[in-house]
1. Two decimals is fine: what's Rg over Rh for the chain, C-alpha atoms, Kirkwood radius as Rh?
2. Order these peptides, 98-110, 358-370, 408-420, 392-404, by their mean beta-carbon neighbour count within 10 angstrom, highest first.
3. What translational D, rounded to a whole number of µm²/s, comes out for the stretch 231-296 from Stokes-Einstein when the hydrodynamic radius is the Kirkwood one over Cα pairs, at 4 °C and 1.567 mPa s?
4. By how many degrees, 0 to 90 and rounded to 10, does the Cα axis of helix 159-168 deviate from the longest principal axis of the chain?
5. Could you state the angle between the C-alpha long axis of helix 283-295 and the longest principal axis of the C-alpha atoms of the chain, as a value from 0 to 90 degrees rounded to the nearest 10?
6. Sticking to Cα atoms, compute the Rg of the stretch 193-263 to one decimal and its Dmax as the biggest Cα-Cα distance, whole number, in Å.
7. What does the helix-only formula give at 222 nm for the chain: each DSSP H stretch with n ≥ 4 adding -39500 (n - 2.57), the total divided by the residues, and the result rounded to the nearest 500 deg cm²/dmol?
8. Whose amide H sits under 5 Å from the amide H of ILE462, counting only residues 5 or more places off or on another chain, with H placed in the peptide plane?
Amino acid sequence: MSGFEIDRRALLGAGLVGAAVTGIGGTRANPAPLAPGVSKANFTAAMNAMRAVVGAEWAFADPDTVIPYAKTYIPDPHHRHVPVGAVAPATVEQVQEIVRIANAFKQPIWPISTGKNMGYGSAAPATPGQIVLDLKRMNRILEVDPELGTALVEPGVTYQMLKDYLDDNNIPLWIDVPTVGPVAGPVGNTLDRGVGYTPYGEHFMFQCGMEVVLPDGQVMRTGMGSIKGSTAWQAFKWGYGPYVDGLFTQSNFGVVTKMGMWLMPRPPVYKPFMIRHADMGDVGKIVDTMRPLRVSSLIANGNLMMSAAYQLAMFKRRNEIVADGRPLDDDSVKKAAKANGLGMWNTYFALYGTEGTVAAVEPIIRAAIGASGGEVLTAAEMGDNPWFHHHQTLMAGGLNLDEIGLLRWRGNGGGLAWFAPVAAAKGSETTGQTKLAREILDKYGFDYTAAYVIGWRDLHHIIALLFDKSDPDQEQRADACYRELVTRFGEKGWASYRTGVNSMDLVAAQYGTVNREFNATIKHALDPNHILAPGKSGIA
């Protein structure tokens, strides 16, 4: 018997399995299906053994207590993403025990950090029958080094917790946050290769060192973390030999229980800007104008180009712009945008540095943008405009939940799925992508509420598919629309850089057979029982 195998008869004899589980996730009338090959007896035994590890109050298997883990905003008309239970360990040792139990009973587990991956599936698993491994109780900020600008955190730490720690201890470092930063966490967002708004916006790039519970229950530390007495675990990314941290992002090869990250020193001067363009057709020249400024790092943070419809959806309802049942036409959007101080495209960036460096760079940027026909605006002109304030906050590592307002765009049904294809940062790419997106969205009766993020050389097209999840017809159409977006964009080489649990297989298939077989080989070598998050990123 290997180190991770647990004798099921021994668990029975020790009284760690039995009749404590009274139900299975889903609803009482329609319990969630178990994972393929897992009997109800084995599920019950696994669940009760895990309960013995974490305590009864932190193990959930009846329908009422599992409901929060099944709630999603994405289209899921056939209810494919319902877990059968959840457990919430408090320590690495408890995670190891849960992994060993999962192996003993061949019971799949789905790790989450905070479970607030809004628009990508939240806490729900990619395939049925999984027990959610909820790491929210592992929420310690283990170390912050003010001199090096580094932090070491557990997966349950939220961005709000980390910011509060820095503020409470007067540490002059900034965090970099995603859209819903107060409730999301740096570990989960980084592992999904999420992005933010400051010069430290590529979160995985600024990650340094991990602790991982492998599928056999062993604990591995990456980089310098395996060296006894090393002071460089959060300072030097690479360690020695193959660099493996990336294998644990967007994968199911291990459970990350600690992660190091770099934090940005608070700059002496921070100056945010908005560029207003009047027409939807300006999208290509905006990208071609901003790209050289990003490549040269004259602008250090990612440029967020927000369509007017996306911006309006944050704080308005759709029926405030057009009557119910009417298409969202550009003229109506432009009228509402103008009334709220917005253009049809609104591009946000900031300058960071000293008084001298900001003063030297600003005229260069203004000249370039002016040539594109854009209107450059600052806090002096925008005042208390809520859209400007939203981005002004985020680009300084601040926190807000403004974009949760997107869920109210079509009523109170709260449907949202992010579609995020990637291309090179060239204007011709945006023109083609915008045209195709609008064609597909129009076909299914949805609005083009979208943004572009200009990275150093890449372009993320972030489309918010907004629908009323309480309307079965809209949810069905949203599901079909999303799948067509993925398929047709992929056919043109515009594949997603991340996706929700509703389309992981579909996106993975676009990256080719060799890529999928390589991932499958690693998966089978590390996790022969396939108990860690089957289906994550299309890896069984």
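1. Numbers: Rg = 23.8 Å, Rh = 24.3 Å.
Across the chain, the Cα-based Rg/Rh ratio is 0.98.
2. Numbers: 98-110: 25.0, 358-370: 14.8, 408-420: 21.4, 392-404: 19.6.
Ranked from most to least packed, the peptides come out as 98-110, 408-420, 392-404, 358-370.
3. Numbers: Rh = 17.1 Å.
Estimated via Stokes-Einstein, D reaches 76 µm²/s.
4. Here the helix axis deviates by roughly 80 degrees.
5. Helix 283-295 sits roughly 70 degrees off the main axis of the chain.
6. 12.3, 38
7. Details: 16 runs with 178 residues, N = 540.
Estimated from H runs of four or more residues: -10000 deg cm²/dmol.
8. The list, which skips near neighbours in sequence, is ALA451, TYR452, VAL453.
The values are calculated or read from the model by the stated rules, or taken from the named source; none is laboratory data. This one's a predicted model, so the numbers in the text were calculated from it and none came from an experiment. Methodologically, a virtual Cβ is constructed for each residue, glycine included, from the backbone with ideal geometry; neighbour enumeration extends over all protein chains shown. These accessible areas exclude ligands, DNA and RNA; they are computed on the full protein's heavy atoms, side chains included. Shrake-Rupley method; radii C 1.70, N 1.55, O 1.52, S 1.80 Å.
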